[in-house]
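Here is the structure we will look at, set down as structure tokens.
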Amino acid sequence: MDVDSIREDFVVLQKEVNGKPIIYMDSACMSLKPLKVLEAINNYYMNFPSCAGRSNHTLSNQVEEERKKAREAIQKFIGADRSNEIIFTRNTTEGLNLVMSSLDFDEGDVILTTDREHNSNLIPCHMLAKSAGITHQVVKSGDDFTFDMDRFQQALSDKVKLVSFVYTSNLDGHTLPVKEIIKAAHDNGSMVMLDAAQAVPHHDVNVKKLDVDFLAFSGHKMLGPTGTGALYVKEELQGLLRPFMVGGETVEWSTYDDHKFLNPPERFEAGLQNYAGEIGFAAAARYISSVGKDNISWHEQKLTERLHEGLSSIKGVEIVGVQNPSLRGGITSFNVSGMGFHEVAMLLNENDNIMVRSGQHCVHSWFKAHEIEGSVRASLYLYNTEEEVDKMVSAIGEIAKLS
Ligand SMILES: Cc1ncc(COP(=O)(O)O)c(C=O)c1O
């Protein structure tokens with residue numbers, strides 16, 4: 001993987017702020033976008049800025065055709081069997097909400113989550129506990145913060161209708177053993193949904209091999225346009241989902257008092273869609289495939305280990321969550337003792353244009369349970385370099401001296 005030539009594809013990396021290059025380490029929140037994605041978006045707006053499906057003219061037909069290709073590209077990217085298993089969404093949050101709100105839950109049904117869920121997977125469980133009387137049960141991690149398979153097995157009962165787990169944690173980059181989890185859940189008769197927001201952009205995810213039932217992810221975390229995402233729903237389970245949002249594009253016909261829904265995925269894609277976004281999203285998937293998913297995860301791993309080694313040598317730096325860098329993909333969460341996490345992030349930005357996230361990363365529940373106020377999070381991607389990691393280490397070294 002040639003990082004120098006990859007970096008040339010990202011216009012923003014050619015820019016300088018205050019005479020210094022940008023060092024972007026916030027890709028777990030929002031990734032940068034390569035030229036190919038910008039060109040794909042532009043192509044829509046310049047050449048066929050029309051609607052798909054409704055009209056029968058040349059431009060509209062072109063949108064329909066490009067949209068079909070985009071859906072097939074996303075299908076292929078995650079190894080799904082059929083393109084109708086891909087529902088376009090605005091983001092991971094929408095995909096998770098769609099499933100939680102559309103499945104039929106009875107009072108007493110259990111939804112299992114881990115203790116490190118993003119609010120986008122956690123809050124829908126709170127809502128269902130209130131509205132449908134489900135029981136939300138949390139599987140605690142082990143003492144080393146990794147997934148505890150034994151606790152999970154013990155939590156499985158005939159009441160567990162849905163296991164809804166984060167695949168790769170945005171808190172510390174820990175990836176769960178999802179294949180074993182899915183097998184155990186299915187043996188128990190439970191369905192499985194994965195929050196794959198931090199998985200799909202960073203390592204190979206194949207829904208068929210995993211045999212997962214529902215999988216949600218975002219385009220904007222994988223080099224795609226903002227406000228794009230997809231939800232995979234296994235074809236045989238699509239009938240279990242009630243339409244989430246209804247209206248234009250979801251029905252074959254309507255009368256004053258009745259209607260007939262279209263088949264999935266259209267049934268779940270109400271109103272005019274983000275066509276430019278979907279086309280750009282597909283361009284992002286093709287770009288990642290052309291670089292190679294394994295190359296990307298290997299590169300991130302190498303950088304994380306370098307960052308970990310550097311940070312660990314600085315007095316007062318504490319890594320948050322899983323300690324072993326080989327289990328953390330591209331994410332490193334840490335604190336500098338005696339200094340607030342927001343202050344550290346601000347100093348990194350002001351002194352060296354190093355852009356990281358600070359706070360509780362929408363996993364407030366985990367931070368509260370562990371009585372940690374928050375952390376600085378550096379999240380790396382294919383365009384980051386060893387030199388950038390070294391600059392980060394030396395910047396933190398300077399900051400630690402101030403504390
Ligand atoms: C693990 C995880 N799940 C869900 C989300 C929500 O993603 P989005 O805001 O794209 O819906 C995020 C975003 O950071 C995430 O990291």
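A short reminder: the numbers here are calculations on the coordinates, not readings from a lab. The model shown is predicted, which means the values in this text are computed figures rather than measured ones. Don't worry about glycine lacking a Cβ; one is built from the backbone with ideal geometry, like all the others, and counts go over all protein chains shown.
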>> Sort 234-242, 251-259, 194-202 by packing, meaning the average of other beta carbons within 10 Å per residue, with the highest value first.
In response: 194-202, 234-242, 251-259
>> Please give me the summed charge of the neighbours of residue 321: other residues whose Cβ is under 11 Å from its Cβ, Lys and Arg +1, Asp and Glu -1.
In response: 0
>> Let me spell out the model: positive unit charges on the Cβ of Lys and Arg, negative unit charges on the Cβ of Asp and Glu, origin at the Cα centre of the range 37-290. What dipole size does that give, in debye rounded to 20?
In response: 480
>> Run through the range 58-143 and list the trypsin sites (Lys or Arg not before Pro) located in a DSSP loop whose Cβ has at most 16 other Cβ atoms within 10 Å.
In response: 82, 140
>> Just to be sure I follow: if Rg is taken over the C-alpha atoms of the chain and Rh is the Kirkwood radius over the same atoms, what is Rg/Rh?
In response: 0.98
> Across the range 252-263, in residue order, what do the Karplus-derived ³J(HN,Hα) couplings come to in whole Hz, using 6.51 cos²θ - 1.76 cosθ + 1.60 with θ = phi - 60° and x for Gly and Pro?
Replying inline: 7, 7, 9, 10, 4, 9, 7, 7, 10, 6, 6, 6
>> Exceeding 24 Å between C-alpha atoms, which entries from my cross-link table qualify? They are 209/234; 234/368; 130/368; 69/234; 20/293; 140/368.
In response: 234/368; 20/293
> Under unit Cβ charges (Lys, Arg +1; Asp, Glu -1), what dipole magnitude, rounded to 20 debye, does the range 248-330 have relative to its Cα centre?
Replying inline: 620
